[in-house]
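A.B. asks: Below is a structure I'd like to ask you about.
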Amino acid sequence: MLDDLAKTLETWPQYYLLVRGHARKDGDPEANRMLAEARAKAAASYIESKGILGQRVRAVRSEPTGAGGESQTVSFVLGQRPY
């Protein structure tokens with residue numbers, strides 16, 4: 001999926017990408033925030049490693065919410081304006 005996203009960004013050089021990391025609400029809130037941020041940074045770093053300029057990719061964390069696997073994800077927002 002990340003490879004496909006990098007190819008899309010190559011095709012559309014005017015687009016920017018916001019990478020948002022998520023984590024569960026269960027457990028230590030600060031540790032979960034750090035985990036969400038690490039997830040976002042890992043995905044953004046991978047996309048940059050595919051040749052996408054870092055200034056087009058921004059990694060952020062969301063506040064921990066929910067429980068279970070659906071809260072342990074990374075989401076993407078592709079847009080034409082800088083974040």
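A.B. asks: Could you work out how much longer the chain between Gln80 and Thr65 gets when fully extended? Use 0.36 nm per residue separation minus the Cα distance between them, nm to one decimal.
C.D. replies: 2.6 nm
A.B. asks: Ok, one more. Per 0.36 nm of contour for each residue apart, how much would the distance between Thr8 and Asp28 grow if the chain were fully extended, relative to their Cα-Cα spacing?
C.D. replies: 3.6 nm
A.B. asks: To continue, here is another question. Excluding residues on the same chain fewer than 8 positions from Lys7, give the lysines whose Cα lies under 17 Å from its Cα.
C.D. replies: Those lysines meeting the cut-off are Lys50.
A.B. asks: Test of understanding: ordering Leu2, Leu17 by Cβ neighbours within 10 Å, fewest first, what list do you get?
C.D. replies: Leu2, Leu17
A.B. asks: Follow-up. So which lysines pass the test for Lys25, namely a Cα distance under 26 Å, with those fewer than 8 places away in the same chain ruled out?
C.D. replies: Excluding near neighbours in sequence, the set is Lys41.
A.B. asks: At 7 Å along the Cα-to-beta-carbon direction for both Met1 and Leu53, put a label point, then send me their distance in nm to one decimal.
C.D. replies: Distance between the two pseudo-spin positions: 2.7 nm.
A.B. asks: Also, quick follow-up: How large is the helix-only mean residue ellipticity at 222 nm for the chain, computed as the sum of -39500 (n - 2.57) over DSSP H runs with n ≥ 4, divided by its residue count, in deg cm²/dmol to the nearest 500?
C.D. replies: The helix contribution divided over the chain gives -12500 deg cm²/dmol.
A.B. asks: Do me a favour and compute the ellipsoid semi-axes for the chain from its Cα gyration tensor, root of five times each eigenvalue, largest one first, whole Å.
C.D. replies: Equivalent-ellipsoid dimensions as semi-axes: 25, 11, 10 Å.
A.B. asks: May I have the pair-distance distribution P(r) for the range 37-80, computed from all Cα-Cα distances with 10 Å bins from 0 and rounded to whole percent?
C.D. replies: Bin by bin from 0 Å, the calculated values are 25, 51, 21, 3.
A.B. asks: Report the net charge of residues surrounding His22, where surrounding means a beta-carbon distance below 12 angstrom and charges are Lys +1, Arg +1, Asp -1, Glu -1.
C.D. replies: That sum, taken over residues with Cβ under 12 Å, equals +3.
Any read-out appearing in this document is the output of simple, stated calculations on the displayed coordinates, not a laboratory observation. Predicted model, so just to flag it, every value in this text is computed and none were measured. Neighbour counts run over all protein chains shown; Cβ positions are idealised from the backbone, glycine included.
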